[in-house]
Structure formats: structure tokens, C-alpha cells
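Student: Just passing along the structure, written as C-alpha cells.
The values are calculated or read from the model by the stated rules, or taken from the named source; none is laboratory data. Keep in mind that this is a model prediction, so the values were computed, not measured. Positions of Cβ are generated from backbone atoms using ideal geometry, with glycine treated the same way; all protein chains shown enter the neighbour counts.
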Amino acid sequence: MAQQLSRREFLQAAGLALGGLSIKPPPLDGLGSFGLGRVAAAWINLYDEPSFRSRRLAEIGRDELVSLQARETSDEGPQYNPVWFRVPDGYVHSGDLQLVRWLPQTPLELLPEGGALFEVSVPYTRSYVEADPTAPPLYRLYFESTAWVEGVAQGADGRAWYRILDDLLRVRYFVRAEHLRCIPPDELTPIAPEVPLRDKRIEVSLARQELLAYEAGRLVLRTRISSGIPSNGPTINGIPTTTPSGRFYINLKTPLRHMGNGRLTSDLEAYELPGVPWVSFFHATGVAFHGTYWHTDFGRPRSHGCVNMRTEEAKWLYRWTMPVVEPTQISRSGHGTMVDVA
């Protein structure tokens, strides 16, 4: 029987393991100066110039990886997001690309009772119903999405696999352990915890598609977001996709959330978003700030009601806002930071 670690022992061991990691990524032929981009939509167009009006050369399908050779700001926009990338055979717009890295990990042999928080460290990895690459597949999990890992198993292929708890469906599935990184506790320490609750405030402008965070009136974060697509009434699930306006308070935070229709499926085109990272809820219908791995098209509405953010900024907001979630917790509720949406 495997030795069980206390949470304190585990967090200390995880930090040491990550600090001493010696695995290096494999060589990637043609890796551009700006790294790799993963196509996050069903497909995107390749153009001969950084403009939607230029000649279309080809289509690039979901999850294909492209070498990003240069970053350009196009005079032809679009105005809200004029960033394009030069790739080997032309240009692609940045909106449906996720910038990714290949960072395989050394699997951990021991986990604490109850599990621990991890994030995907490769462009994507497939999950399976068993620790076996020939078993029925389930979701693809994407770079910087988060997962609650409950245990380690030796797979049918002789490799280490992690057992993941799906927080929405309460089912378990497996992924290759070297594709996930344990998130050490020092990455989750609160930001500016000495600032009183009353002195932290978030403003969201739906017109400008912008978020601003203040400490005692001083601006500490300003960034573009993607709010909900305007809708005239309830959708199929009864919840409008328009981001609600008004004054709210963050009332529940979790480092991960399975969003979407809640189906157990292997369909890559299904509306299923497991492992949405750094979620800060502020409305009774489930509207939240959170990281986004399925687009980088910030500056225009694209969500089903939530406030989509760049993942690193959603993580900053998650650490800065109240209530505080401890590294060993999967969620925390309470009266938290004020949010004004207009």
C-alpha cells in the first residue's frame, strides 16, 4: 500500500520536484520566434497578407499547431484586435489561436488524500475512461486548463497516469501524468491581502469590453475582456447570454470548473469546456470571471454570459479578490470583492 502524505508534506514535496525538474521539451522543427499557436476553433483561414480582405490560401483545422514567426499589428484591423501572426506560408489572425508550450513533467508518485490541483502543460492531451490509450476516449484537455487530480495509476502502457475528478459530472477519467503540472502553493498566495475588502473594487465596461481593478481608488489592472453575446431572452438552458449589469459581489471561487452542456463525450465540437481555470463567480446564474483557452479574441462579446479573460490575468484576479481560496481547497464561498458592471 502506497504511503499517504499529509497536505503540508505533499505541497513541500511538489515544490521541490518542480524546482528540480530536468525534462527538456523535444526539438520542434521550425519553431518560430513567438512559439506555437494551437487552432482553437473548428478551423481558421490562412491569408497571404495580415488582412481578412486578402487572398485566402488554405484552412487550418482544430488543434493543429502552427509556428508563429512574427507578430504584427495590422492597419486593417479588426480594430478591437488587430494582432496577426506570420506563419511559414502566410498570415493568421490571433483571435482563434491559443499560444501554447510543450512542457512535459516528471510524474509525481504520491498525492495527498483528497487530491491536488494541476494544470495541462502541453498543447493538449486526451483523457480516457481508463488508464489505457486503447480505452474509449473522452475530452481533450488544453494547455493551462486546470484539473483536480485524485490519484496516480500505472497504465496499461506501463506509464504513469493521473486520475481526474470531473467537478461537474462527478466522474473520473485518466490522462498521461507527464502532460500535467502540479501547481505549487507559492503560485496561489493572495495578492495584496493587507488591503481591506472595502478598498478592492472591479469595474467592467460592456461598451468598451474592458475590466479595471482598483485598490483604494488606485488602478492596479486594466485589460480587455470578452463579455456575453447580447440576447433578447433566455436560451435553451433558461439563462440569457448577456452579461448582467449592476452591482454584485464575488461569492464563490474555484480554480477549475467544467462549463458547457455537461455531457460525457469525445466529440471535439461539443460545447464542453472541462477545466476552465481561475473562476470567480459574482452572479446567481453562474456568471463569473475566468481564464479562457478557446480564444484570444478579447475586445468583443464572445461568451455565454461570463467575463472571458486571458488566463494569466484571470489567475491574477483570482488571487487578488476575496474570498481567499487556500491551495488545498477546491472552492470557497463568502461575501467578497465588489463588482460593478455597466
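Student: Residue under question is Tyr293, and the condition is that it be assigned to a loop (DSSP other than H, G, I, E, B), in contact with a Ser or Thr (Cβ under 7 Å, 6 or more places away or on another chain) and either closer than 20 Å to Trp148 by Cβ or among the aromatic types (Phe, Trp, Tyr) (or both); does it hold?
Tutor: yes
Student: Now for a different question. Within the set of pairs 6+ apart or on separate chains, which have a first residue in the stretch 102-114 that is assigned by TED's automatic domain parsing to the domain that holds Asp167, a second that is surrounded by fewer than 17 Cβ atoms within 10 Å (Cβ to Cβ) and among the charged types (D, E, K, R), and C-beta atoms under 7 Å apart?
Tutor: The qualifying pairs are Pro112/Arg7.
Student: Still on this structure: Somewhere in the stretch 286-293, is a residue at positive phi and buried (at least 24 other Cβ atoms within 10 Å of the Cβ)?
Tutor: Scanning the stretch 286-293 turns up no residue that is at positive phi and buried (at least 24 other Cβ atoms within 10 Å of the Cβ).
Student: Identify, from the list Gly155, Gly115, the residue that is under 19 Å from Ser331 (Cβ atoms) and surrounded by 16 or more Cβ atoms within 10 Å (Cβ to Cβ).
Tutor: Gly115
Student: Could you say which residue among Arg198, Arg172 is loosely packed, with under 15 Cβ neighbours inside 10 Å, more than 28 Å from Asp297 (Cβ to Cβ) and touching a strand residue (DSSP E or B) at 6+ places or on another chain (Cβ under 6 Å)?
Tutor: Step by step, each of Arg198, Arg172 is checked, and only Arg172 is loosely packed, with under 15 Cβ neighbours inside 10 Å, more than 28 Å from Asp297 (Cβ to Cβ) and touching a strand residue (DSSP E or B) at 6+ places or on another chain (Cβ under 6 Å).
Student: Counting only residues that are within 24 Å of Asp167 (Cα to Cα), in contact with a His (Cβ under 7 Å, 6 or more places away or on another chain) and either at pLDDT 95 or above or not β-branched (Val, Ile, Thr) (or both), how many does the stretch 227-250 have?
Tutor: The total comes to 2.
Student: In addition: Give the number of residues within the stretch 54-82 that are of a type in the set (Val, Ile, Thr) and either outside the structural domain of Ala40 (by TED's automatic domain parsing) or surrounded by 17 or more Cβ atoms within 10 Å (Cβ to Cβ) (or both).
Tutor: 2
Student: If only one of Asp96, Asp167, Asp75 is among the charged types (D, E, K, R) and more than 20 Å from the chain's Cα centre (by Cα), which one is it?
Tutor: The match here is Asp75.
Okay, residues lined up against (1) part of a strand (DSSP E or B); (2) at pLDDT below 95; (3) not charged (D, E, K, R):
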| position | (1), (2), (3) |
| --- | --- |
| Tyr91 | yes, no, yes |
| Glu119 | yes, no, no |
| Ser127 | yes, no, yes |
| Glu130 | no, no, no |
| Glu144 | no, no, no |
| Asp157 | no, no, no |
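Student: Pick out the one residue from Pro185, Pro196 that is closer than 24 Å to Lys315 by Cα, modelled with pLDDT of 95 or more and not charged (D, E, K, R).
Tutor: Just one listed residue meets the conditions, Pro196.
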